[in-house]
Amino acid sequence: MSAALPSFDDGPVPLGQIRDEARKLLVDALDSRRGKKVLVLDPRISGFLGLLAEVPLLKEHGVEQLLHLGTAPLGDLGVRNVVYLARCRIENAQLIARQVKAANQQQPGLEFAVFWLPRRTIACERVLQEEGVYGDVAAGELPVDFIPFDGDVLSLELDTAFRELSAEGDQGSLYYVARALARLQAAFGAIPRLKGRGPGASAVRGMLARMRREQGAPAPAVGGCFDEAVLLDRSLDCVTPMCTQLTYEGLVDETLRIRNGAVTLDSPAGGKQRIVLNSADRVFRELRDLSFAAVGPCLGERAKAIQADYKDSKAGERSLAELRDFAAALKALPHIQRHIGLAEAVNKIIAAPNFRARVRVEQALLDGHGLDASAEAIEEMMAAEEDIFVVLRLMCLLSLTQGGVPKKHQDALRRELLHTYGHEYLITLSLLQAAGLLKRQESGKPAFPALKRAFRLLVDGVDDRAPADIAFAFSGYAPLLVRLLEAAVRGPGWGVPEDVLRQLPGPGFEVVQAADEAGLPVERPAPPRPPPTGKRRVVLVVVIGGITFAEINAIRFLGGRPEVNCDFVVATTKLISGTSLLDDGGGSVRLAADATGKACATDDEGRDDLLDAAAAEHARARAEAAAAAEAAGPQVCDSWEWMVEGVLREVLSSLDFPALKRFRLTCARWRAVADRNLQTLRPSKASVHTVIEQFPSITSIDLSGCLSVRNRNLMVLARSKLRLASLTIGNTTTNVLGKPRITNQALASIAEMTGLTSLSLCDCSALTNNGMLVLTALQGLRSLAVNRCPRIGDKGLLIVQRLSHLTALNCYGCVKVTDATMGVLAGVSTLRSLNTGFTKVTDAGVAALARLPHLAALALYAETVTNAALRAAAALPALTSISLSNCYEVTGDGVVALAHAVPGLRRLALLNCELSDDHMIALASLLPNLHTLQVQGTVFADRGVRALTGLRSLRCLALEVYQNAAMDGLVCLSVITQVTQLQVQCTQLNLDLLAAISRLPHLADLNLAQFDQTATQRGQSGLSWSMLNVLVSMRSLTALDLSYMAINEDQVRRLVELLPRLERLCLYACPVAPAFLEAIMAAWPRLEATTQRRPSMPLRLSG
């Protein structure tokens, strides 16, 4: 017997018999294939296989090599027999079929056998038949049921039982439970009394009764090792797994993950140290059921006791027997040192602020108060990029304790989770909802508060070192499942009123198993339990769906109570924690991208020594091959995959964005090279740690697409080794309580990024004047934008005096900015671009700017600006671009006068200005070099539009036409053949206009947004197939906006197929599903398709 395994015969029931039977089944399966063999293991079973058979035993029965089942071919095996041990899953059957077909081609003559656990299924055999290998594989089954993990713990190790039962409605695992119990009774005698609750427990009881009836008279006789069995569903208590286990064994599992009875730590000498945790370790046997707070003092007392005994032994006053006892105690010293190191590793994790915050949220939710604060804390954890399963556990706990997540919190938390961790977790959320773990709060009272009161789940004043109640396992919270067990063994019924029990899922039962006059097995209603005799009862506790280590610790504690006086044996479908429960329920989603590669790594830490040895030998062979290749000198490689990184960097420097996307999709190495050398990044979520690790060379990052940017993200960026030159923050919303995420604290972090030359802060409503003062540390700043930051005013912008290299300032929407700031800017001689939109700047402020020698771009959006401001702007010697929006006091004559004074204008934007046809004609004649023109919110007719045909230098044009009389003029725009960017909004789209646009040979960006918005709202067709055929003829298009169009998915697919250069497609408010767009982008990697609204004014004229 291995020293790492306990003696299974020292517990209340001799479970060694179960292990011996399972070992015999395994050996018989191996011996059925004569000769030497390779054993290929499903990664899900390789871990607990070490609990059944040691490595020498496998070698004795011909196993030469162990492999994990995966996508890779078997390779050169050197033996004839290949034996597979795998769970009966379709994906395993598919992997086996692929390996068999590949091996038959490479090494004819191999013999294959597969043994399915715990039984063979028709579905798996059908897969082998369809793959054409059914005749090449000898199929059998390995009916291994319960695996003994300790002297009082059995597990079926069915990883997905809870998910199948709760989310998928698959009751196949219930049959395995019933069969395992039937075999347990065959070994130890039929259990006289059965008691249970829950839908799964009731189903198992029915199957078990049917199995006994089918056996007939040979059925096991009633009576034996077990006096009673209590069957409970995990669905009765889903709250407990979501809470943090606080016993020693439970907390080790929470922090370090116990896998197959062992945990892996970093060794002080380097490498990994595997520590086996079971009752074979006497120190662990004493510590495992204690609260973690009591472990340190207990270890200290034992170490001091050994030290004191050592001093006494040196005194020479002890007898031989006493010295022998001391020597025995001294053997425990390595175990004590091992557990001191283990406790220190756990303590280092739980001392972190995020762990303590997590426990506080759990306690608040269990207490039933602070819902808003708890939701905010969960959101803050998302911002800090806490582990996804920690966040999901807290969200599920919130849902379970409140009867669902209130709508105001559910939408916000769901959105934040998807933005932070990725939309691939949509399926995970769907599975959790199907399982009832995470749902929206409906009308009616939640069940948990009533259960909490009736079963006394919250206990005050728990003494961790000398507990008097099972609530010590969760620091004041008593697991409902253990409370039900306590009620089941202490008396008739369940100890609470029937109306409380009705709030639990499924029926309850209490029966006795007996035999009739003919000796046939029957069930009868249970009579009252006889009075206690003083003998300890042996109770089998069956938990269907999984049980946590802390609950097992509480059950052991319960068994030691005088009023209970029971020895418990726990049998379950899986030993779980809250994380493993959710990972089994949604882990397949996480592994969907790599269903086999990563899946094969799930149990790597639990694999046996022979697998480790095989891996080491393989690594050694690879190293020898690499050394031989190096000795042979340089070789010519004909694969582009191994092109040297210097050449790849040169290629990268010449690629545009679509080409870069295709470059990254070529292979894993090219993607890694691209990521290492990428300099500009616009992520879709604020995964700052990922950005820092994956993109170490970025100098420009745009976080405007991240809706959950917070102070902490920027602090991490500031303290990283990234050399950022440009930072953009935008569209920052508030959290669920309406509190802003970006505050002055973020500005302090930004001030540490002294290499910044460009900074954009958009919609940061909490930034104040005092916070802006720290930005004077950014002496290299050239561009500063504080768009729509309403609390920033003149005082905050005084910093521009200290920024000696500033060339661009955008204070659009800063309503507290006045002419005083313009006076300060008059002294910033380097300024080249200024946007004062929607501020309190007047004509006097614009006049103050007249002294700026290099100001070339000016944007004025205010009702306080008149023609006098235009006259002042005309005095700017370098002016080439001006934008006027909502300047209702500015007249068309004033604009014409400006054009007359500044004939060198290159960019002109006029939004909601009073212009007539005559004004348009005058502007066209006065500005022959105009490059960009935007005219919207202005009423003019056919003559005004036709006048634009004389602008032969025009490249970018945006027009909004309200009168049908101007439509003929729009058709004439086809003569401006040099236009590359066009946005046209009018009352009705027609085929003639679209045909005219199609005649623009260089058009690359076409914006038809809001073209047919009213028609779409009336349910009319927005884009006919005739119009679509015209659109697809514009082969030069790289960007297309069809927002508000009634376009269908077939039309979208045709657009993408026939426009070879299309890189950006906007379909805001179109009847197109986001999932369809994701599929389109997957099929055409060059394309970026979105349903987010593009800016209504795409021509950025200043700043």
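The values are calculated or read from the model by the stated rules, or taken from the named source; none is laboratory data. Not measured: the values here are computed from a predicted model. Here the Cβ positions follow ideal geometry from the backbone for every residue, glycine too, while neighbour counts run over all protein chains shown. Side chains are part of the model used for accessible areas, which takes the heavy atoms of the whole protein and leaves out ligands, DNA and RNA. Shrake-Rupley method; radii C 1.70, N 1.55, O 1.52, S 1.80 Å.
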Residue list for region 212-261, filter: of a type in the set (D, E, K, R), within 15 Å of Leu184 (Cα to Cα) and in contact with a helix residue (DSSP H, G or I) (Cβ under 9 Å, 6 or more places away or on another chain): Arg212, Glu228
Just to confirm my filter: which helices (runs of 4 or more DSSP H) fall fully inside region 303-378 and include at least 1 residues that are at pLDDT 90 or above? 333-350, 353-367
Confirm whether Leu481 is hydrophobic (A, V, I, L, M, F, W, C), part of a helix (DSSP H, G or I) and open to solvent by 20 Å² or more (accessible area, probe 1.4 Å). no
Options Leu437, Leu431: the member that is touching a residue at least 60 places away in the same chain (Cβ under 8 Å), part of a loop (DSSP other than H, G, I, E, B), within 25 Å of Pro406 (Cβ to Cβ) and aliphatic (A, V, I, L, M): Leu437
Would you please list the contacts, defined by Cβ atoms under 6 Å and residues six or more apart or on different chains, that run from a residue in region 851-875 that is without any contact (Cβ under 8 Å) to a residue 40 or more places away in the chain to a residue that is aromatic (Phe, Trp, Tyr) and open to solvent by 10 Å² or more (accessible area, probe 1.4 Å)? Glu863/Tyr888
Among the numbered conditions (1) under 30 Å from Pro218 (Cβ atoms); (2) assigned to a loop (DSSP other than H, G, I, E, B), tell me where Val539 comes up short. (2)
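Yes or no, residue by residue, for (1) farther than 24 Å from Leu852 by Cβ; (2) open to solvent by 50 Å² or more (accessible area, probe 1.4 Å); (3) in a strand (DSSP E or B):
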{"site": "Ser883", "(1), (2), (3)": "no, no, yes"}
{"site": "Leu910", "(1), (2), (3)": "no, no, yes"}
{"site": "Gly944", "(1), (2), (3)": "yes, no, no"}
{"site": "Leu959", "(1), (2), (3)": "yes, no, yes"}
{"site": "Val971", "(1), (2), (3)": "yes, no, no"}
{"site": "Gln983", "(1), (2), (3)": "yes, no, yes"}
Give region 887-901 a look and list any residue that's among the β-branched types (Val, Ile, Thr), open to solvent by 10 Å² or more (accessible area, probe 1.4 Å) and within 56 Å of the chain's Cα centre (by Cα), or say none. Thr891
Lone qualifier among Val114, Val63, Val100 - being in contact with a Phe, Trp or Tyr (Cβ under 8 Å, 6 or more places away or on another chain), over 22 Å from Asp159 (Cβ atoms) and not charged (D, E, K, R): Val100
Could you please give the count of residues in region 112-132 that are open to solvent by 70 Å² or more (accessible area, probe 1.4 Å) and closer than 25 Å to Asp28 by Cα? 3
The listed residue being open to solvent by 10 Å² or more (accessible area, probe 1.4 Å), under 17 Å from Leu485 (Cβ atoms) and of a type outside the set (Lys, Arg), out of Asp266, Asp227, Asp237: Asp227
Those residues that are open to solvent by less than 10 Å² (accessible area, probe 1.4 Å) and either out of contact with any strand residue (DSSP E or B) (no Cβ under 9 Å at 6 or more places or on another chain) or touching a residue at least 40 places away in the same chain (Cβ under 8 Å) (or both), I need them from region 1033-1083; list them, please. Asp1041, Ser1043, Met1045, Ile1047, Gln1051, Cys1066
The residue that is nearest to Ala190 (Cα to Cα), considering only those in region 521-531 that are surrounded by 10 or more Cβ atoms within 10 Å (Cβ to Cβ) and at pLDDT 85 or above, is Pro521
Mind listing whichever residues of region 253-273 are touching a strand residue (DSSP E or B) at 6+ places or on another chain (Cβ under 6 Å), touching a residue at least 12 places away in the same chain (Cβ under 8 Å) and not in a strand (DSSP E or B)? Leu256, Gly261
Please go through region 712-741 and give me each residue that is open to solvent by less than 40 Å² (accessible area, probe 1.4 Å) and modelled with pLDDT under 85, ordered by number. Asn713, Gly730, Thr732, Asn735, Val736, Arg741
Under the condition of being in a helix (DSSP H, G or I) and open to solvent by 30 Å² or more (accessible area, probe 1.4 Å), which residue from region 274-289 is farthest from Tyr477 (Cα to Cα)? Arg282
For region 82-105, how many residues are part of a strand (DSSP E or B) and open to solvent by less than 10 Å² (accessible area, probe 1.4 Å)? 5
Residues being within 13 Å of Phe115 (Cα to Cα) and assigned to a loop (DSSP other than H, G, I, E, B): count how many of those fall in region 18-68. 3
Among the residues of region 849-871 satisfying the criterion of being assigned to a helix (DSSP H, G or I) and either open to solvent by less than 20 Å² (accessible area, probe 1.4 Å) or modelled with pLDDT of 95 or more (or both), which is nearest to Thr807 (Cα to Cα)? Leu849
Can you tell me which of Gly476, Gly534 is closer than 24 Å to Glu254 by Cα and of a type outside the set (A, V, I, L, M, F, W, C)? Gly476
Kindly list, by first and then second residue, each pair from a residue in region 532-550 that is modelled with pLDDT of 95 or more and open to solvent by less than 60 Å² (accessible area, probe 1.4 Å) to a residue that is in a strand (DSSP E or B) and of a type in the set (Phe, Trp, Tyr), limited to pairs with Cβ atoms under 7 Å and residues at least 6 apart or on different chains. Val539/Phe568; Val541/Phe568
